[in-house]
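Input: a single structure, listed below in C-alpha cells.
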Amino acid sequence: MRKKIIAGNWKMNTTYEEAIALVNDITIQENQLHLSENKIVVIAPPFPYLAHCSTLLKDKAHFYIAAQNCSEHSKGAYTGEVSAAMLASIQANYIIVGHSERRTYFQETDAVILQKIKQALQQNMTPIFCCGEPLHIRENNTHFEFIQAQLQNCIFHLSDDEIKKIVIAYEPIWAIGTGKTATPQQAQEVHCYIRNEIKNNFGAAISASISILYGGSVNATNAAELFDTNDIDGGLVGGASLNATDFTTIIKAMQA
Ligand code: PGA
C-alpha cells in the first residue's frame, strides 16, 4: 500500500519561537490524528530550525522533517548553500525539490532540479519533486504536455530503484497561495495522468507504489474531498500548515 502523506511547507515564515510552538501544537494532538502504519506527516520548517525540529520529532513515529531545498552540489565553495549531506546529518528525511517558487524566483531549471534529486537520493533522503503548470498553460489546455516535459526532464532520467524512492507533488501554479484550489476532478485527472506516465516508463508496480500529493490552496475545508479520489495520496500544504488547528484538520482528512 502506498504511503499517505501530509507535508507542511512553511516557506519563509515563522521566528524560531513560533516554529517550536507550531511543532509542539501539532504533535501534542498526536493521539487524535489517527496516524496508522501508512500515514505520515512531514514538516518543512526554514533551514535554521531544522535541527531543533528534528530533535523534537525524534520519538514521534509518524512525523518526519523536510528541508525546503538543497544545493545541486555535494560540497565546497558555494557560499550560502546547504547540501543534502548536511541535511542528512541532522536527520532530515525529505527534501522538497523543484517547487515553483524556486523555479520562478531562483531560475531553477529542470537540469538543476534533476541534480538536486540525485543529491537527495545519494544521501538516502526522499525528494518531494514538485511539478505543475502556470495559469496560461492551463487556459491553453496544454497542461498535460507541460507536465509531461517536467517529468521527462527530471524524473524519467532516474533508474527504477531511484524513482521508487521519490514522492511527487502536483502543484498547479495558479492554485498556489491564491485561495483558488483545483477541483478534486481537475487534480485527480492530472494525478491519474502522472501515474499513467510513470507506468509507461517504469511499469505498473512502480507506478502503483509512488505517492502523488496535491498542492495549491489545500485547507481545512477542501482537504477531505481532494483526498477522496483514487490518485491523490495526500497534500503539500503551504499557508494552512502555519496554523496548527487547520493543519491537524487536514491531517485528519487523510484517507486510510
Ligand atoms: P499553498 O502553498 O497551500 O499556500 O497554496 C502550497 C505550496 O506552495 O506548496
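The values are calculated or read from the model by the stated rules, or taken from the named source; none is laboratory data. Just so you know, these numbers come straight off a predicted model, no measurement behind them. No Cβ is skipped: glycine too gets one built from the backbone with ideal geometry, and neighbour counts run over all protein chains shown. Note: areas computed on protein heavy atoms with side chains; ligands, DNA, RNA excluded. Shrake-Rupley method; radii C 1.70, N 1.55, O 1.52, S 1.80 Å.
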Rounded to whole angstroms and listed largest first, the alpha-carbon spread of region 1-42 along its three principal axes comes to 37, 22, 9
Sorted by chain and then number, the residues having a modelled amide H within less than 5 Å of the amide H of V97, at least 5 places away or on another chain, are I128, F129, C130
If N is the residue count of region 69-122, its Cα Rg over 2.2 N^0.38 Å rounds to 1.07
Too long for a 19 Å Cα-Cα cut-off, among K4/K60; K58/K118; K11/K60; K60/K118; K4/K252; K118/K199, are K58/K118; K11/K60; K60/K118; K118/K199
Sorted by chain and then number, the residues having a modelled amide H within less than 5 Å of the amide H of S71, at least 5 places away or on another chain, are V82, S83, A84
Mean accessible area per residue over region 4-253 (1.4 angstrom probe, all protein chains present, square angstrom) is 44 Å²
The lysines whose Cα lies under 17 Å from the Cα of K116, excluding any fewer than 8 residues away in the same chain, are K75, K164, K165
Taking alpha-carbon centroids only, region 94-134 lies from region 23-79 a number of Å equal to 17 Å
Counting only protein heavy atoms and leaving out ligands, DNA and RNA, the solvent-accessible surface of E72 at a 1.4 Å probe, in Å² to the nearest 10, equals 50 Å²
For the pair M1 and N31, the simple spin-label estimate (label points 7 Å beyond Cα toward Cβ) gives in nm 2.3 nm
Residue span A77 to E145: 0.36 nm per residue of separation minus Cα-Cα distance leaves a gain in nm of 20.7 nm
Computed over the Cα atoms of the chain, the Rg and Dmax in Å are 16.9, 48
Length gained, K60-N200, 0.36 nm per residue minus C-alpha separation, equals 46.7 nm
Counting only protein heavy atoms with a 1.4 Å probe and every protein chain in place, the carbon and sulfur fraction of the accessible surface of the chain in whole percent equals 50 percent
The ³J(HN,Hα) series, computed from each phi in region 165-177 with the Karplus coefficients 6.51, -1.76 and 1.60 at θ = phi - 60°, rounded to the nearest Hz and given as x for glycine or proline, is 8, 9, 10, 10, 10, 8, 10, x, 4, 5, 9, 7, x
